[in-house]
Structure formats: C-alpha cells, structure tokens
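Computed from the coordinates by the stated procedures, all read-outs in this text should not be read as laboratory data. Values in this document were obtained by computation on a predicted structure and should not be read as measured data. Here the Cβ is made from the backbone with ideal geometry for all residues, glycine too, and neighbour counts use every protein chain on show.
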Amino acid sequence: TPLPKPNGHWANSGINTELTSVGHWQYTQVIKVYDFVAPTAEVDDYDAFCSETADCYGDVEITFTVEELCDLDEVTVEGFVDAFNGGVISAATVSAPSVVDDTHWSYTISGNYPIGSHTFGVHIEDGCNNITWLEIPFEVVDCKAPTPICINGLTVTLMPQPDGCCAMAIWASDFIASDIEDCTEPIKYSIHRQSEVEDGTDVPAPGQTGLVLDCNDDDITLIRIYSWDSAYNPYAMQPDGTVGGPNYDYC
C-alpha cells in the first residue's frame, strides 16, 4: 500500500519557463530535531564547614557550574538537602546564575546546617526535559573551643614525704568553678604548670588530670587548666604542633 501523499499543491516548473506543465508537486515537510543530551555540572572544590556559634550550626555555601550546549535560558535548577543523610529531603537555596560564557552558568547552593554530615541534591533540567541529578556531600564540623570557668587561686598545703620534701596532689577538677556547655561533649580537663608549657617540657593533652606540687615549686605557682571537647576539628592547631583534633581553651 503506498504511503499517503503529504498535503501540498502542484507548482509550475522553475526549470524550464517555456513549458506550460505545472512541473512538480510541492509541499512543506516538518523536520524535528530533538536534544537528548542532558546538561552537565561540575562542583568547585570545597572543605568542611565550621560551626563557631553556641547553636551548633554553620553556614554552608558551595559553587557549581552547569554546562548546556543548546539553550541555557531554558535550564531550570532546583536545590534540596538531605540533613544527616537520613533520607528526608527538604528545599535548599540556589542562587540566580552568574554567566561564565555562552554555554556555562555558575550557581551557589547554600544554607545554615547543624554539625554533622549532610548531602545537597541539585535537579537540573533543560528545555527538552533532559535531567541531571547532582549530589554534593558536605560536613559541618565543630570549630568552637570550650572556654573553662575557673576558680582564680587556691591554697595548697604540702604534706611531709619520706624523702624529706613536702608534696600534695592537685586536680584539674579542683579549679572548675562551673560546668560549661559545648556542641560536642563530654568536656575533659587537664592541668599543667604554665612555666613548663611555655618552655615546652609539658605539652598539654587531655589525659593529664592531676599535678603534684612539692617543695621545689615556687610559693606562687601559675598553672593552666585546659578544657577539651570531644570534636574533631580538621583546622585546629594542637599544642604538639599537629593540625586536627579537639577544640580547646585554657584559663
């Protein structure tokens, strides 16, 4: 069975104008070109984000670039977040695009999130309904140091020892005036002679909870009480010179 002829009409021949023949059948053929290529996206480098407030939240902002070869004006971008990677999705803020060039636009996705691991999701769709789903995991870390509240000055009575000197143990807990709250508890305390910290013979660490004073110490001995949280802050410079560990402060 022959295919039906398309709608059209007979037209005069433009090849030989002396001919009176109508010449050829003329019609309009519609050719549709489809775009089956989804947009692509590339995320800029980023690190963990800090929480430095008592509410244990941190500001997060991540930049990504969308490439679309057909028509960027037809691209729509929506942002989502899966807090704590628990499978519950909510909306996230995506900025208006910033033009990079004819085929690339830059966006930022942002928000204020609690300490922990989360994931952004970005839905990117072009004018031909091609879709790209972009996942961006990120972490908010505790960067706020716990500041101890200390008793300023205690009197210690030394007791005689078999070697003829006098000594007495004191404890970091003896100097804590009140408990403190922190985003990453429990809080640990340590005690150190200030002179030994300054000359490098004592490197503060959470495990040193007690100190023995004896007759070789000055009548007035300056000590430091350190408080340490239970976080891992990748940016925190530690007393031993390494980077990464708990947040700490001292009085």
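Descriptive notes on the structure:
- ³J(HN,Hα) computed for each position of the stretch 95-106 - Karplus, 6.51 cos²θ - 1.76 cosθ + 1.60, integer Hz, glycine/proline x: 6, 5, x, 10, 6, 9, 7, 5, 10, 10, 10, 10
- Whole-number D in µm² s⁻¹ for the stretch 33-125, Kirkwood Cα-pair radius fed into Stokes-Einstein, 25 °C, 0.890 mPa s: 169 µm²/s
- What the Cβ-Cβ distance of Glu52 and Asp219 gives, at R0 = 41 Å and to the nearest 0.05, is a FRET efficiency of 0.55.
- Based on alpha-carbon atoms, the Kirkwood radius and the radius of gyration of the stretch 120-221 give Rg/Rh equal to 1.39.
- GluC sites (Glu not before Pro) within the stretch 120-184, DSSP loop, no more than 15 other Cβ atoms inside 10 Å: Glu181
- Candidates Leu158, Leu211, Leu72: whichever shows maximal mean-square fluctuation once the chain is modelled as a Gaussian network with Cα springs under 10 Å: Leu158
- Here each label is just a point 7 Å from Cα along the line to Cβ, and for Ser178 and Ser90 those points are 3.2 nm apart.
- The radius of gyration of the Cα set in the chain, together with its Dmax, comes out at 35.7, 137 angstrom.
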